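The values are calculated or read from the model by the stated rules, or taken from the named source; none is laboratory data. Small disclaimer: the values here were computed from a predicted structure and weren't measured. Positions of Cβ are backbone-derived with ideal geometry, glycine not excepted, and every protein chain shown enters the neighbour counts. To get the accessible areas, we keep the full protein, side chains included, count just its heavy atoms, and leave off ligands, DNA and RNA. Shrake-Rupley method; radii C 1.70, N 1.55, O 1.52, S 1.80 Å.
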Amino acid sequence: MVNFSLEGKVALVTGASYGIGFALATAFAEAGAKIAFNDIRQELVDKGIASYKEKGIDAKGYVCDVTKEDQVQELVAKIEKDLGPINILVNNAGIIKRIPMTEMKAEEFRQVIDVDLNAPFIVSKAVIPSMIKNGGGKIINICSMMSELGRETVSAYAAAKGGLKMLTRNIASEYGEYNIQCNGIGPGYIATPQTAPLRERQPDGSRHPFDSFIVAKTPAARWGTPEDLQGPAVFLASSASDFVNGHILYVDGGILAYIGKQPQ
Ligand code: NAP
Ligand code: GCO
């Protein structure tokens, strides 16, 4: 029988007190996994723990900045002590800065690369040795439409998410022989706090032009929800995907397949 169960597994989802990370961790818990998550600030961790509790999930939350290697090493050691070795890692924590490239400071560009690309390297590096020791593991990197496409104002984000796609393939290449599967999920446009500014109503009550643009660009004709990503994430975290490695699973309502609406 195909096995999507995560019973007995320990999952770390980074930046998961709300948004996409929260939805993925919730789905993992429902499939049987024990959940650890981190966020950058204590109040967010507390808020996250309360939200998991509301769903009947006893998640362990930790304060940790994923860009800091010493904090990440400490985080992994604490999780091992509290829950056991990590079997599933989701590199979810991410930021975006929407600034035209010629106006962007090099420091701002670096910050985005640091959280969206360097951090997945740091956290993966911290868990891979114990995954090897324990006979395998699953790493899921949260990529983006910007792993494939560009657009105005998101040069740093696109560079990071494009890099994350290749980091995914490289981890799969380098550690596949240890039964580690590293895959990506490339969400389409998902309604979360990160994309809230793109969906804000206009002063006259009409839709934000970017909101209408995304609905027109998406064959499903809507924004995605964090819940749309749950099934694909459980698949990639479970033994049902044991021979899937280095793959980016785009969950985008069809955006990447579509040339766009023909002019009327
Ligand atoms: P979100 O609502 O902004 O949540 C991101 C989370 O990561 C927040 O809890 C954030 O904490 C945390 N975080 C940021 N920097 C961190 C750091 N240095 N250390 C630890 N935690 C940190 O974003 P989301 O929309 O759920 O996105 C989650 C992931 O999916 C991101 O990688 C994003 O790029 C990606 N993604 C999103 C979409 C979309 O349409 N929403 C589409 C494709 C991909 P703070 O609140 O303190 O910043
Ligand atoms: C933007 C968006 C995106 C999405 C997502 C798409 O400004 O274009 O924030 O980049 O969040 O990553 O997959």
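Of the conditions (1) closer than 29 Å to Thr102 by Cα; (2) of a type in the set (S, T, N, Q); (3) out of contact with any Pro (no Cβ under 6 Å at 6 or more places or on another chain), Thr153 fails just one. Which one is it?
(3)
Pairs, please: C-beta under 7 Å, at least 6 apart or cross-chain, first residue under 27 Å from Phe109 (Cβ atoms) and of a type in the set (D, E, K, R) and in segment 163-182, second modelled with pLDDT of 95 or more and part of a helix (DSSP H, G or I)?
Lys165/Ser147
Could you please tell me which pairs satisfy a Cβ distance under 9 Å, a separation of 6+ or placement on different chains, a first residue in segment 238-264 that is modelled with pLDDT of 95 or more, and a second residue that is within 13 Å of ligand 2 (Cβ to nearest atom) and of a type in the set (Asp, Glu)?
Sorted first by the residue in segment 238-264, then by its partner, the pairs are Ile248/Glu148; Tyr250/Glu148; Val251/Asp228; Gly253/Asp228; Leu256/Glu148.
Being more than 16 Å from ligand 2 (Cβ to nearest atom), touching a residue at least 60 places away in the same chain (Cβ under 8 Å) and among the hydroxyl-bearing types (Ser, Thr, Tyr) is the filter here; which residues of segment 15-42 pass it?
Thr26
Could you check, for segment 179-195, whether at least one of its residues is open to solvent by 30 Å² or more (accessible area, probe 1.4 Å) and aromatic (Phe, Trp, Tyr)?
Yes - at least one qualifying residue is present in segment 179-195.
Tell me yes or no: at least one residue of segment 34-53 is within 13 Å of ligand 1 (Cβ to nearest atom), among the polar types (S, T, N, Q) and either in contact with a Ser or Thr (Cβ under 8 Å, 6 or more places away or on another chain) or not in a helix (DSSP H, G or I) (or both).
The answer is yes; a qualifying residue exists.
Which residue out of Ala216, Ala172, Ala240 is more than 11 Å from ligand 2 (Cβ to nearest atom), touching a Cys at 6+ places or on another chain (Cβ under 8 Å) and in a helix (DSSP H, G or I)? If you could, list the steps in order and put the result at the bottom.
Numbers: Ala216 fails: touching a Cys at 6+ places or on another chain (Cβ under 8 Å); Ala240 fails: touching a Cys at 6+ places or on another chain (Cβ under 8 Å).
The unique qualifying residue is Ala172.
Among the residues in segment 66-74, are any more than 15 Å from ligand 2 (Cβ to nearest atom), under 30 Å from Phe210 (Cα atoms) and modelled with pLDDT of 95 or more? Steps first, please.
Within segment 66-74, the subset more than 15 Å from ligand 2 (Cβ to nearest atom) is 66-74.
Next, only the ones that are under 30 Å from Phe210 (Cα atoms) stay: none.
For segment 66-74, residues more than 15 Å from ligand 2 (Cβ to nearest atom), under 30 Å from Phe210 (Cα atoms) and modelled with pLDDT of 95 or more: absent.
Do you know which of the residues in segment 98-155 that are small (Gly, Ala, Ser) and within 13 Å of ligand 1 (Cβ to nearest atom) is nearest to Gly8 (Cα to Cα)?
The selected residue is Ala119.
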